[in-house]
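Take a look at the structure set out below.
Read the figures in this text as sums done on the coordinates, not as results from a lab. Just so it is clear, the model here is predicted, and its values are computed rather than measured. In this analysis, Cβ positions are derived from the backbone assuming ideal geometry, glycine residues included, and neighbour counts consider all displayed protein chains.
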Amino acid sequence: MRRREVMREIARVIRPHAHFIVFTVLFAVAVVAGQLLAPFFAGQAIDGIAAGDGGATARSLWALGISAGGAALFQWLLSLANNALAYRVLRDVRREAFRKIGTLPLKYIDSRPYGDVSGVVVSDAEQFAEGLLLGATQLFTGVLTIAGVLGIMLAVRWEIALVVFCITPLSFFAARFIASRTYRTVKRQAELRADETAFADEMISNLKVVKAFTREEENERIFREKNEALRQVSLRAVFFSSTTNPVTRFVNSLVYAAVAFAGALFVIATGGVFTVGQLGSFLSYANQYTRPFNEISEVVAEFQNALACAGRIFALSREEDEPSDRGNRSLGAAKGDVSLRSVRFGYGEKLLFDGLDAEVKAGMRVALVGPTGCGKTTLVNLLMRFYDVSGGEVCVDGEDVRALTRESLRRNIGMVLQETWIKTGTVRENLCLGREDCTEEEMIAAAKAARAHAFIERLPKGYDTVIDDEGSLSQGQKQLLCIARVMVCRPPMLILDEATSNIDTRTERAVQEAFAELMRGRTCFVVAHRLSTVRSCDRILVMRDGRIVERGTHEELLRLGGFYAELYRAQFAGQ
Amino acid sequence: MHHLRSCLKRYRTEAILSPLFKLLEAAMELLVPLVVAKIVDVGIAGGDRAYILHACLLLGAFGLMGLLFALTAQYFAAKAAVGVSADLRERLFAKMQSFSFSQIDEMGAPSMLTRMTSDVQQVQTGVNMTLRLLLRSPIVVFGATAMAFAVDAQAALVFVALIPLLALAVYGVMAACLPRYRRVQERLDGVYLSARENLVGARVLRAFRKEEDEVQAFDRKTEGLLAAQTRVGAIAAVTNPLTFLLVNLAAVVLIFWGGLRVDAGAIGQGDVLALYGYLSLILVELVKLANLIVTVTKAVTCANRVGAVLDASGERETVLPRGEREEGAHVVFEHVGFTYAGGGAPALSDVNVSVRRGQTVGVLGGTGSGKSTLVDLLPRFYEATEGRVLLGGEDVRSIPVRELRQRVGYVPQKVALFRGTIRSNLRWGKPDCTDAEMERALRIAQAEDVAAAKGGTEGAVEQEGRNFSGGQRQRLTIARAVVRDPEVLILDDSSSALDYATDARLRQALAALDCTVFVVSQRASSVRRADVIVVLDEGRVAGVGTHEELERGCGVYREILASQTEASS
């Protein structure tokens, strides 16, 4: 994405909250004015003392109090406006990205590490909003302060302003110099840290094996070595980068001394036209003056990062959506006829299917059999419209699935996958995922049919136990929950993609009985590894390299003595 | 926090020197207003240009010395901070390695890693900043006050009134923000969870048509986050304006009072200027302090998370005193029961099995029947909550844990190989093993061809053993356990990816070894020829005996057999 486009996108997301920018600018001007006027009035008051003019001193002190109060109030308001802007933009950007996740084709999601995309929603969005918007305010007030200080100095005593103007850039250059010197050490530090983290990750993730092999001491030795190397480089990296502030402060003190010198000479030379009080305010300005320079150089670095984050965010939001199904017909309660006509499909350049045909009548139980990578799971993807065909058509009840709404299509198909996935929530929420209106009895009946009831009861809070995908449930238990989840819905078509692969054979048998009951009168696709699951199907499609090489019943195929018979023998040879 | 302190103790010198040099740097700054007062009261009043020049050169010199002191301080601070974080990481790593399996389950690897990486990093920044600034700020504030007293004791009373007010303001804001920051973090975790779930669970959520519900739930979460951020932002934003206001109000009082003192002839105009200079110094310092406080609060939170890990007591070396050896079988389970921490029902109850040395034991049962749990009790991965487990006549809880595990070869269900070579992986089993021992182990594990395919034992192993197939990985992990020449070998469902012929050869080779072998499996065929088969059903022993005995007397065993042999009939 080009920078101009990124800027245009940024403008787009900020526009709804543009009124906050107006407030931010107004408040920032007020804050800087107040902060600069305070030392000015303090100087006046001190002059009043010298002149012995009590009334003038009192007036200046009132002005000092008011300008300080105003600055404080507006500074608070500035923060509020600024936060309101940044956090609202952050919320909007996150929502936009999240909605995008819901409409992205699965092809996009499947082809990237999950962490990359969720990182955009969480940390990129945050760094963009906070870095850019909070940074912009800092930059703006910084520039205003510098301009204000120079302005006042110019108005009161331009010669001193000139002195200040000449010395200050020193700190800017010093900071740049240090940053460029630090870069290499910081990079080396990052490499060593990554190496140490990788080692720790490997060992901590397999901690049980580490302990089983009493490998703790050896690991500690290796870790200590890596840690020591990291410590030494870190020391240099941390020290170098922390030299910026002292150097800036030093430049600041040079400015201060120069102002004191020039100012004092002017007080003497002008015979008191340039007053001691004014000198005091000038010194106070000199103190406040270099800070913005520092901040600006920090902010500029942050901007680069924020823009990079924005680039990733908007690249995501510009990704192409799944083709819209607006205007598509809604599939009512489907009968369950499924046909594949000359289907062509591939994940990349290479075609997996090139002219695949199959006809499945409502209520039929069809098994898909074949070696790994032959395209069994791909059929599931096409039928659910997770992916769309690139040629030919997939039809349900005689209609191309691409002419139906996804919602209505998926409502008619129940799916259990080999890769179990559980949503963070209670067992109850998970079981009722497809039908929130199901009754307690229906839910428990489904859990019992899926042979999940017994272990659910043994969970600490039964059906109200909060579970998640990575937690303590075994693969088998998760799969039983996934089966129960579909049993709650009872859709007219079913896809069982290695649905019982993680379950032991005895439980599987019980679950199969429940499936048999559930599948009665329903169209059902079974992808299975174990041929025992397959034998009872009405029709077996034997797939190889994206083609259906044999079709028929178990007995027919065995008689045929072809690829199926070969697979069957290989699988059970040892038993 | 006491861990942090004890780590810091090792860097006591640095931790003392750093603030000390900061003190010197601050002293340089504190002298500045005094010099300015002299410029006004002596230089300007007397029209003495040379005096002014000298005074200003002095100011420059103070600046230079300040720079040198500051650099020294930064160096020591960096050394202490980096050292503390390195020590913390080392301690964390060691502590985590000492955790029991229950603790590992409870905490989870991702959480442990976050603590070791980002949390410790935050602590490092916190320590660094604290040494550099947190002490500097009070030094400047109190130093400025002390200098004010030196200028004029009466006017300095303003400072005395100001400081508690400032402290109260800063503390109040911090106390109000802390719990609210935590709430923001919790909400953010929720946002992250939603995003991740909608990626990982995209198929399921779409299949169940939850897209709209998920969007609404996400909208609620982001709205809640916005509200939480706005609230804490509004409070945190009070710090800077409030301190600015307080300091300037103090300036009003100071100048007014100072004016009276000048009129009374007690002090000069330059002195008022110096007093005002000290106030400005305090203000500049407080702005830095306010920013710092955020960093330090974060660091404290992180230090507590790190501390929670370090506070946990790891696995105990022995639980029971080592007693006399009892006569009897090699491995004995005696009325053994086990309940996972936080688990509802027991995972195992009343298991009684006894095995002679050299026998092969098959452990058979369905998903969640407690097979792995049973064998995990032997190397004390978990401790039996009831009854006892004996190895060689001793309760495993009385055998030092390292010794115990060295006597056991373990092949985990989840295959784990490590980056390195085949050789380095086998050395996990026995650090000083010879080439001959390695070859023997590979032969027994039917893994000679695996090594040969990679050009021998120097063949590279990628992380998680990704450059091997599932079956190859399983055979290598078996070789790794066999090379220990263990007294007991545990195979936890670890031949599932092997074809039947290889599996059979493997079982034959293992049977010839002089060690007691536990084979955990779902496949009846894998345990059929075992000397003893233990059949588990939902945590209870459904039967113990040989294949023939069980076939006659155990209903569950017959059911399992039927469910598996039917397929091949």
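Suppose a student asked you for the relative contact order of chain A, using Cα pairs under 8 Å spaced at least 6 residues apart; what percent would you report? Intermediate values should be presented prior to the final figure.
On the way: 787 pairs, mean separation 81.8, N = 575.
This gives 14 percent for chain A.
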Residue (of A:N206, A:I540, A:S241) at the positive-pole extreme of chain A, dipole from beta-carbon charges:
A:S241
Can you list residues whose amide H is under 5 Å from A:M415's amide H, if they're 5+ apart or on another chain and H is modeled 1.01 Å from N?
A:I495
Enter the angle in degrees (range 0 to 90, nearest 10) between the Cα long axis of helix B:269-311 and the first principal axis of the Cα atoms of chain B, meaning the one along which they spread out most.
10 degrees
Once you place label points 7 Å from the Cα toward the Cβ at A:E220 and A:R188, how far apart are they in nm?
2.9 nm
Which of B:A161, B:V200, A:F40, positive extreme of dipole for the protein assembly as shown (C-beta unit charges):
A:F40
Anchor B:K288: lysines whose Cα lies under 25 Å away (excluding residues fewer than 8 positions away in-chain):
B:K22, B:K79, B:K298
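For each pair in A:K335/B:K210; A:K448/A:K478; A:K208/B:K95, compute the distance between the two Cα atoms and list the pairs where it is over 18 Å. Before the final figure, lay out each step's value.
Values: A:K335/B:K210 24 Å; A:K448/A:K478 14 Å; A:K208/B:K95 14 Å.
Distance filter (> 18 Å) returns A:K335/B:K210.
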If r is the Cβ-Cβ distance from A:H19 to B:Q154 and R0 is 41 Å, what FRET efficiency results, to the nearest 0.05?
0.20
Across the residues of A:476-487, average count of Cβ atoms on other protein chains within 10 Å?
1
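Would you tell me the mean number of C-beta atoms belonging to other protein chains that fall within 10 Å of each C-beta in A:266-272, as a whole number? Numbers along the way, then the final one.
On the way: counts 1, 7, 8, 2, 0, 1, 1.
Whole-number average of other-chain Cβ neighbours for A:266-272 is 3.
Compute the relative contact order of region B:2-310 as a whole-number percentage, counting only Cα pairs closer than 8 Å that sit 6 or more residues apart in sequence. Could the numbers behind the result be given before it?
Details: 280 pairs, mean separation 96.2, N = 309.
It comes to 31 percent, rounded to a whole number.
What's the magnitude of the charge dipole for the protein assembly as shown around its Cα centre, counting Lys and Arg as +1 and Asp and Glu as -1 at the beta-carbon? Answer in Debye, nearest 20.
Values: 133 positive and 127 negative charges, 295 e Å.
Dipole about the Cα centre, nearest 20: 1420 debye.
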Taking the protein assembly as shown as the region of interest, what is the percent of Cα-Cα pairs per 10 angstrom bin, listed from the shortest bin to the one with the maximum distance?
2, 8, 14, 17, 16, 13, 10, 8, 6, 3, 1, 0, 0
With everything on Cα atoms, drop me the angle between helix B:157-200 and the longest principal axis of chain B, reported from 0 to 90° to the nearest 10.
30 degrees
Which part of region B:25-51 falls in the paramagnetic zone of B:L57, meaning amide N under 13 Å from the point 7 Å along Cα-to-beta-carbon?
B:50-51
Any idea what angle helix B:136-151 forms with the longest principal axis of chain B, computed on alpha-carbon atoms, 0 to 90 degrees, nearest 10?
20 degrees
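Can you give the direction-averaged projected area of the convex hull of the alpha-carbon atoms in region B:1-124, in nm²?
Numbers: hull surface 38.8 nm².
With every direction weighted equally, the projected area is 9.7 nm².
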Give me the lysines in straight-line cross-link reach of A:K350: C-alpha distance below 26 Å, same-chain residues under 8 apart excluded.
A:K107, A:K376
Taking the Cα centre of the protein assembly as shown as the origin and placing charges on Cβ (Lys, Arg +1; Asp, Glu -1), which of B:G393, A:A286, B:L364 is farthest toward the positive end of the dipole?
A:A286
From the Cα centre of region B:386-431 to that of region A:377-445, the distance in Å is 45 Å
I'd like the Karplus ³J(HN,Hα) series for region B:419-435: coefficients 6.51, -1.76, 1.60, θ = phi - 60°, whole numbers in Hz, and an x wherever there's a Gly or Pro.
3, x, 10, 4, 4, 5, 6, 5, 5, 4, x, 8, x, 10, 6, 8, 4
Which log10 I(q)/I(0) values, to two decimals, does chain A give at q = 0.11 Å⁻¹ under the Debye formula with one point per Cα?
-1.12
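What are the DSSP H helices in chain A that stretch 27 Å or more along their long axis, judged by alpha-carbon atoms, and whose average Kyte-Doolittle hydropathy comes to at least -1.0? Each step should come with its number before you reach the end.
On the way: long enough: A:18-51 (49 Å, 1.73); A:54-103 (73 Å, 0.27); A:135-167 (32 Å, 1.79); A:169-205 (51 Å, -0.22); A:216-241 (36 Å, -0.87); A:244-269 (37 Å, 1.36); A:276-317 (60 Å, 0.27).
Both cut-offs are met by A:18-51, A:54-103, A:135-167, A:169-205, A:216-241, A:244-269, A:276-317.
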Per-residue [θ]222 nm for chain B (sum of -39500 (n - 2.57) over DSSP H runs n ≥ 4, rounded to 500):
-20500 deg cm²/dmol
Taking the Cα centre of region B:2-310 as the origin, how large is its charge dipole in debye, to the nearest 20, when only Lys and Arg (+1) and Asp and Glu (-1) carry charge on their Cβ atoms?
880 debye
Size of charge dipole - region B:331-568 - debye, nearest 20, with Cβ of Lys, Arg +1 and Asp, Glu -1, no other charges:
500 debye
Compute the label zone of A:A403 within region A:313-330: residues whose backbone N is under 11 Å from the point 7 Å along Cα-to-Cβ.
A:329
From the mean inverse distance of alpha carbon pairs (Kirkwood) and the Cα radius of gyration, derive Rg over Rh for region B:331-568.
0.97
Ignore the peptide's own chain and count Cβ atoms of other chains within 10 Å of each Cβ in A:393-401; give me the average, rounded.
0
Theoretical FRET efficiency, 1/(1+(r/R0)^6), r = Cβ-Cβ of A:E440 and A:S317, R0 45 Å, to 0.05:
0.60
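Expressed as a whole percent, how much of the Cα-Cα distance distribution for region B:2-310 exceeds 32 Å? Please report the intermediate quantities before stating the final value.
Numbers: 22480 of 47586 pairs.
Of all Cα-Cα distances in region B:2-310, 47 percent exceed 32 Å.
When Rg is the radius of gyration of the Cα atoms in region A:1-119 and Rh is its Kirkwood radius, what does Rg/Rh come to? Please report the intermediate quantities before stating the final value.
Working: Rg = 24.5 Å, Rh = 18.3 Å.
Rounded to two decimals, Rg over Rh is 1.34.
Compute the length gained on full extension between A:A147 and A:T103: take 0.36 nm times their separation in residues and subtract their Cα-Cα distance, giving the result in nm to one decimal.
Numbers: separation 44, 0.36 × 44 = 15.84 nm, distance 4.86 nm.
Roughly 11.0 nm would be gained on extension.
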